[in-house]
Each structure stands twice: as structure tokens, then as C-alpha cells.
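The block underneath contains the structure these notes are about, expressed in C-alpha cells.
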Amino acid sequence: MTAAETRYVKPAKAAHAFNAFVLKLTRLGISVLGSRVLSVRGRKSGELRSVPVNLLKLDGERYLVAPRGVTQWVRNLRVAGEGQLTVGRRTETFTYTELADDEKPEILRAYLKRWKFEVGVFFDGADAKSSDEKLREIAPGYPIFKIASVA
């Protein structure tokens, strides 16, 4: 694996407080700009782990983007094969398809357009106006999952 494929940006202390706040609001049923609580079984413990995420809706599909790279939730999701998204009392179980790097530029662009104010610092100067070539260049460092509901 290349350095980009294992890229991980550790959250700052302020991010923990912000994430805890968003997590609490989302659990109460207040979605902050599309926030969801992502719950995934821990790959070692088997315990349910929960974090707030931004659910991107684009062209009738839904995506989870990992702006910090290969985080614990990404590693857990890859092993578990499924997760849950929750807002308030509504929980949805989903499976996913992880996107190949060539599929990512359009998704990264839409994600940055919607949440650059929150996650732009993790994109090393790339933004929604970046070229497809630039977005393809950074794509290996940003796991993206296309999700599908489990019926």
C-alpha cells in the first residue's frame, strides 16, 4: 500500500468536542447539514462503535467519504461489511461498495462543495473547483463508500 492509501489525519482536541456535539444532536434527531451517526462493529472488540459522519446524496445515490483518510470507522467498516446510519430514532442498516480511485473525483467535488468549511483543511488545497486530474491524484487518500440499504 502507498502512503496515500494509508493516509490518516488524527483529529485535534477541538474536533472531539465538535464531533461529540454533532453526535448528540444527531442522536436527538437533529441532522446537522446531513449528519448521521455511523455505527459499525469494532473489528477486534466486536462492540458497536459510533461516530458522526456527513452523508452525501448525489444523483440518487448515497456516499460516505472519509476526509481524514483510513480512520478507525473505515477499517471497521471494511471488516464488518455493513453498518448502521441513525438520525434520532430512525436507524438504517446498509452494505456498501467501496469506490475505485477513478470513480472518486465527482464525489470528492460534491463533498467539498457541500462541506469544505468543515473538512477543507484535510484536502491539502484541493477544493470543489479543482481539476479532475488533481482530484484523481489525491483520491487514494480518501476512502469513499457507496451505500445501499439492507431490505
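Select from region 127-142 the residues that are under 10 Å from L108 (Cα atoms) and under 17 Å from the mean Cα position of the chain (by Cα) and list them in ascending order.
D127, A128, L135, I138, A139, Y142
Of everything in region 60-92, what is in contact (Cβ under 8 Å) with a residue 60 or more places away in the chain and of a type in the set (A, V, I, L, M)? Give them in sequence order.
Result: L64, V65, A66, V70, V74, L77, L85, V87.
Specify which of the listed residues (G83, G141, G120) is farther than 17 Å from L56 by Cα and touching a helix residue (DSSP H, G or I) at 6+ places or on another chain (Cβ under 9 Å).
On the way: G83 fails: farther than 17 Å from L56 by Cα; G120 fails: farther than 17 Å from L56 by Cα.
Exactly one residue qualifies, and that residue is G141.
For region 4-49, which positions are among the small types (G, A, S) and either touching a helix residue (DSSP H, G or I) at 6+ places or on another chain (Cβ under 7 Å) or touching a residue at least 60 places away in the same chain (Cβ under 8 Å) (or both)?
Within region 4-49, A4, G29, G34, S35, G42 qualify.
Which condition number in (1) without any contact (Cβ under 8 Å) to a residue 40 or more places away in the chain; (2) assigned to a helix (DSSP H, G or I); (3) of a type outside the set (S, T, Y) is the one that P52 fails?
The single condition P52 does not satisfy is (2).
Can you pull out the residues in region 83-105 that are closer than 14 Å to I144 by Cα, in contact with a strand residue (DSSP E or B) (Cβ under 8 Å, 6 or more places away or on another chain), surrounded by 14 or more Cβ atoms within 10 Å (Cβ to Cβ) and charged (D, E, K, R)?
Answer for region 83-105, where residues must be closer than 14 Å to I144 by Cα, in contact with a strand residue (DSSP E or B) (Cβ under 8 Å, 6 or more places away or on another chain), surrounded by 14 or more Cβ atoms within 10 Å (Cβ to Cβ) and charged (D, E, K, R): E103, K104.
Could you tell me which of the residues V87, V79 is closer than 22 Å to V9 by Cβ and in contact with a Lys or Arg (Cβ under 9 Å, 6 or more places away or on another chain)?
On the way: V87 fails: closer than 22 Å to V9 by Cβ.
None of the others qualify; the one that does is V79.
Bear in mind these aren't lab numbers, they're just calculated from the coordinates by the rules spelled out. Since we're looking at a predicted model, the values are computed, not measured. So basically every Cβ, Gly included, is an ideal-geometry build from the backbone, and we count neighbours across all protein chains shown.
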